[in-house]
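Colleague: Below you will find the structure I want to go over with you.
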Amino acid sequence: MIVFLKLGLTSFGGPVAHLGYFREEFVSRRNCLSEHDYADLVALCQFLPGPASSQVGMGIGISQAGIRGALAAWVGFTLPSAIALILFAYGVTAFHDITAQNGWLHGLKVVAVAVVAQAIWGMAKTLCPDRLRGTATILAAVLMLAWPTAWGQIVVILLGGLFGICCLKADTLPEQTTLHIPVGRHTAVLNLALFGVLLVGVPVLAKLSPNHTLALIDKFYRTGALVFGGGHVVLPLLQAASVNPGWVSNDLFLAGYGAAQAVPGPLFTFAAYLGAVMQPEPRGWLGGIICLIAVFLPSFLLLLGILPFWEQLRKMNKVRTALMGVNAAVVGLLLAVFYTTVWTNGILSASDFILGLVAFGLLTFWKIPPWVVVVVTVLGRTVLTAG
């Protein structure tokens, strides 16, 4: 939990950057997972609804310590940003004035460029070592840039799997031995059943009862269960869940969105802010906790339900060749997202590019801890803005 708490305090830059932080910490530094096992876990989480980076963190936790590991990973990675956003909900006006001074905020965007670039660089060297997979990666990036939707992402991953089955050979695959899932199949089936029961049953209960807490759980659980793509894709659904019923004003929603960009950790913790500022009771800390648990619960149940079967499936030759293609496609997806959401928001001038290069060098060649690079880059960008 301590490792994930550290990541929760330092992982700026959104879902793609989080994958870079996870890879550096658990693949490069600690050797908890192999590169291929980590890529397989990322590929699976791209298929599932919910916050992909948080799911990867939960999956790492499950592989290390089962259900307790998943809970520890989620609490550690989520707690810092959730607390920060609930506190912001209590003092939204004063904190909004601070966020307007955005030199240090832009520094976080610049360091995200370096983190994501390092992740793509490392994954590409391992997962796209030949012409075929390199070409698949480029085509995946092109298609994702031309069709930048959640459905486009799913299609790209499916095409990557088809490419792997048709064009790649299983005998080139290394042994995969580092991803162990200490969760039984009976437990997995129970989690999948609970996921479905809550998805169908909570809306019925919310219709039958005027209880606002049930309505709250219904809205945020369905958001977490039905959003594909994670990250910023969840914002329209959260807006529909909170602003459309009149629970949160649009101004408060936008103020919270701005604050969510300034804190580390998963963007889905924005739900905690919305629960804290809502007009009907429960609100404040209780409302924030309810919304936070409701939006993450589907991911938790799905991972516990699927990973035990996933471990067996991915050992089959056709599944493994499909995964080779999917992994190459995932690198292409990361490359496309790197351009559309990280590079275009982070690199706005020559000084930004210089800072990004320095940060990339510190991470990649000097192996400086990411949190140190975050501090150095933010301070550098703040000085340049003040000057």
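No lab work stands behind these numbers, since they all come straight from the coordinates. Because the structure is a prediction, the values reported are computed rather than measured. Glycine gets a Cβ as well: all are built from the backbone with ideal geometry, and neighbour counts include every protein chain shown.
Colleague: For a label point 7 angstrom out from the Cα of LEU71 toward its Cβ, which stretches of the range 1-27 have the backbone nitrogen within less than 16 Å?
Modeller: From the range 1-27, the list is 1-2.
Colleague: State which entries of LYS169/LYS315; LYS169/LYS318; LYS125/LYS315 exceed 19 angstrom in Cα-Cα distance in the structure shown.
Modeller: Pairs exceeding 19 Å: LYS125/LYS315.
Colleague: Right, something else. Kindly identify the range 206-355 as rounded, prolate or oblate by the Cα gyration tensor criterion: order the square roots of the eigenvalues as a ≥ b ≥ c, call it rounded if a/c is under 1.5, otherwise compare a/b with b/c, prolate if a/b is larger, else oblate.
Modeller: Cα axes put the range 206-355 in the oblate bin.
Colleague: Can I ask one more? Give the lysines reachable from LYS219 as a straight Cα distance under 28 Å; neighbours fewer than 8 places away on the same chain don't count.
Modeller: LYS207
Colleague: Additional query: GLU25: net charge of surrounding residues, Cβ under 13 Å, Lys/Arg +1, Asp/Glu -1, itself excluded?
Modeller: Value of the local net charge: +4.
Colleague: Do you know the relative contact order of the range 176-295, to the nearest whole percent, from alpha carbon pairs under 8 angstrom that are 6+ apart?
Modeller: 23
Colleague: Same structure again: What nm value, rounded to one decimal, do you get for the distance between ILE354 and LEU379 when each label is placed 7 Å out toward the C-beta?
Modeller: About 1.8 nm separates the two model spin labels.
Colleague: Excluding same-chain residues fewer than 8 positions from LYS6, which lysines have a Cα within less than 20 Å of its Cα?
Modeller: Counting by Cα, and skipping residues close in sequence, LYS6 has these lysines nearby: LYS109, LYS367.
Colleague: If you stretched the chain out fully between HIS186 and LYS125, how much longer would it get, using 0.36 nm times the residue separation minus the C-alpha to C-alpha distance?
Modeller: Result: 18.1 nm gained on full extension.
Colleague: Could you give me the ³J(HN,Hα) list for the range 279-289, computed from phi with Karplus coefficients 6.51, -1.76, 1.60 and θ = phi - 60°, whole Hz, x at Gly and Pro?
Modeller: So the J values, rounded to whole Hz, are 6, x, 6, x, 9, x, 4, 5, x, x, 5.
Colleague: Suppose a student asked you for the relative contact order of the chain, using Cα pairs under 8 Å spaced at least 6 residues apart; what percent would you report?
Modeller: Reported relative contact order: 33 percent.
Colleague: Could you please rank HIS18, HIS186, placing first whichever residue has the fewest other Cβ atoms within 10 Å of its Cβ?
Modeller: The order, fewest Cβ neighbours first, is HIS186, HIS18.
Colleague: I've got another one for you. What's the ranking of 116-128, 190-202, 349-361 by average number of surrounding C-beta atoms within 10 Å, highest first?
Modeller: Order by mean packing, descending: 116-128, 349-361, 190-202.
Colleague: Considering only the other residues whose Cβ falls under 15 Å of the Cβ of LEU7, what net charge follows from Lys and Arg at +1 and Asp and Glu at -1?
Modeller: Summing Lys and Arg as +1 and Asp and Glu as -1 gives +2.
Colleague: Still on this structure, I have one more. Output the peptides 25-37, 59-71, 328-340, 307-319 sorted from most to least packed, where packing is the average of other Cβ atoms within 10 Å over each peptide's residues.
Modeller: Top of the packing list down: 328-340, 59-71, 25-37, 307-319.
Colleague: To continue, here is another question. Roughly how far apart, in whole Å, are the Cα centres of the range 322-371 and the range 18-76?
Modeller: First find each Cα centre; the distance between them is then 19 Å.
Colleague: For the chain, what class follows from the C-alpha gyration tensor (a ≥ b ≥ c being the square roots of its eigenvalues): rounded when a/c is under 1.5, otherwise prolate if a/b is larger than b/c, else oblate?
Modeller: Oblate.
Colleague: Could you tell me the center-to-center distance, by alpha carbons, between the range 187-221 and the range 113-162 in angstrom?
Modeller: First find each Cα centre; the distance between them is then 35 Å.
Colleague: Now for a different question. What does the C-alpha gyration tensor say about the overall shape of the range 1-70? Classify as rounded when a/c is under 1.5, otherwise prolate if a/b is larger than b/c, or oblate.
Modeller: Rounded is the answer for the range 1-70, as its axis ratio a/c remains below 1.5.
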